[in-house]
Amino acid sequence: MTRRRKIYEGKAKTLYEGPEPGTLIQHFKDDATAQNGKKHEIIDGKGVLNNRISEFVFNKLNNLGVPTHFLRRLNMREQLIKEVEIIPIEVVVRNIAAGSISKRLGLEQGTRLPRSIIEFYYKDDALGDPLISEEHITAFGWATPQELDDIMSLAVRVNDFLSGLFAGVGIQLVDFKIECGRQFEGDLMRIVVADEISPDTCRLWDAKTRKKLDKDVFREDLGDLADAYREVAQRLGILVETENALSTGPRLVE
Ligand code: UDP
């Protein structure tokens, strides 16, 4: 067996060279991090669950005509994706106040926002991913005004889709983060949704009890993170209730 070329290793995922030019393999690890990497734990089964949940969401987005980097799932922890040029911006869409917006603006967690709000953060761990405006993005050339328009319309479409998807299974979509990339096809370039969409990147609350079913369970030490993610997967119909085999998925042998 040949060793695959590692392209990039992040906190929760690793990217490997794909089988064909223009493709990559996205591998989901069990690592959970918070506070810009200061808090770190291995959560058995998290990578397997995020791989499945993200596959489910990206497949549905592709089918709706929302362009994404996702091609297909390969195995328990890996998916085949199109290679894109990642735009160094985290795009956050918020429906309900929580997390950093609550702190920054003194909004009580759980307050419904007057309308959905899009925010941008510059992806730079050393700077702690600072909040930026559209002006910074275009002035520093991280994206052109046209690309920014495309990014915002993708963000709105993803929010509409995800809000409905989760509402249908009794979950409130509080906020989420997406990353976008440039996909080149010959002379053409289009902006697509990249990275992952999972309980690592969304705030998800039970609609009735407001129980947290996302990474805040880890950030705030509220209980078993994999149990929360398993519940999301079960409600979406990705996992049947008796299916526990996910927590013992294959591990990458280094
Ligand atoms: N988020 C993310 N990655 C990040 C920062 C935020 O996926 O590096 C997600 C986070 O899970 C939440 C949303 O973006 O769903 C908004 O996060 P916020 O700005 O409130 O920051 P936090 O409170 O998570 O530090």
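Between ASP227 and GLU185, the FRET efficiency from the beta-carbon distance, with R0 = 41 Å, is close to 0.50. What part of the accessible area of the stretch 1-114, given as a whole %, is carbon or sulfur when the probe is 1.4 angstrom? Ligands and nucleic acids excluded, carbon and sulfur reach 51 percent.
Shape of the stretch 142-214 from its Cα gyration tensor (a ≥ b ≥ c, root eigenvalues): rounded if a/c is under 1.5, otherwise prolate when a/b > b/c, or oblate? Because a/c hits 1.5 or more and a/b exceeds b/c, the stretch 142-214 counts as prolate.
Of the residues GLY45, ILE117, ILE86, the one whose Cα sits farthest toward the positive end of the charge dipole of the stretch 32-144, with +1 on the Cβ of Lys and Arg and -1 on the Cβ of Asp and Glu, is GLY45. By definition, a body whose alpha carbon gyration tensor gives a ≥ b ≥ c is oblate when a/c is 1.5 or more and a/b is not larger than b/c, and the stretch 86-198 fits this oblate description.
For the chain, adding -39500 (n - 2.57) for each run of n ≥ 4 DSSP H residues and dividing by the number of residues yields -8500 deg cm²/dmol at 222 nm. At full extension, ALA139 and GLU85 could sit 17.5 nm farther apart than now, given 0.36 nm per residue minus the alpha carbon distance.
What you get for the stretch 1-124, charging only the Cβ of Lys and Arg (+1) and of Asp and Glu (-1), is a dipole of about 180 debye around the Cα centre. Rounded to whole Å, give me the distance from the Cα center of the stretch 32-78 to that of the stretch 141-209. So the separation of the two Cα centres works out to 13 Å. Computed about its Cα centre, the charge dipole of the chain is approximately 500 debye, with only Lys, Arg, Asp and Glu carrying charge at their Cβ. Within the listed set GLU55, GLU231, GLU41, the residue fluctuating most in the Gaussian network model of the chain (springs between alpha-carbon atoms under 10 angstrom) is GLU41. What is the chain by shape, rounded, prolate or oblate, if you read a ≥ b ≥ c off the alpha carbon gyration tensor as root eigenvalues and call it rounded for a/c under 1.5, prolate for a/b larger than b/c, and oblate otherwise? Rounded, because the longest to shortest axis ratio a/c is under 1.5.
Applying 0.36 nm per residue to the separation of ASP125 and LYS60 and subtracting their alpha-carbon distance, the gain on full extension is 20.3 nm.
The values are calculated or read from the model by the stated rules, or taken from the named source; none is laboratory data. Since the structure is predicted, the reported quantities are computational estimates derived from the model, not experimental observations. Because the Cβ atoms are built from the backbone with ideal geometry, glycine has one as well, and the counts that use them run over all protein chains shown. Quick note on the areas: whole protein, heavy atoms, side chains included, nothing else; ligands and nucleic acids left out. Shrake-Rupley method; radii C 1.70, N 1.55, O 1.52, S 1.80 Å.
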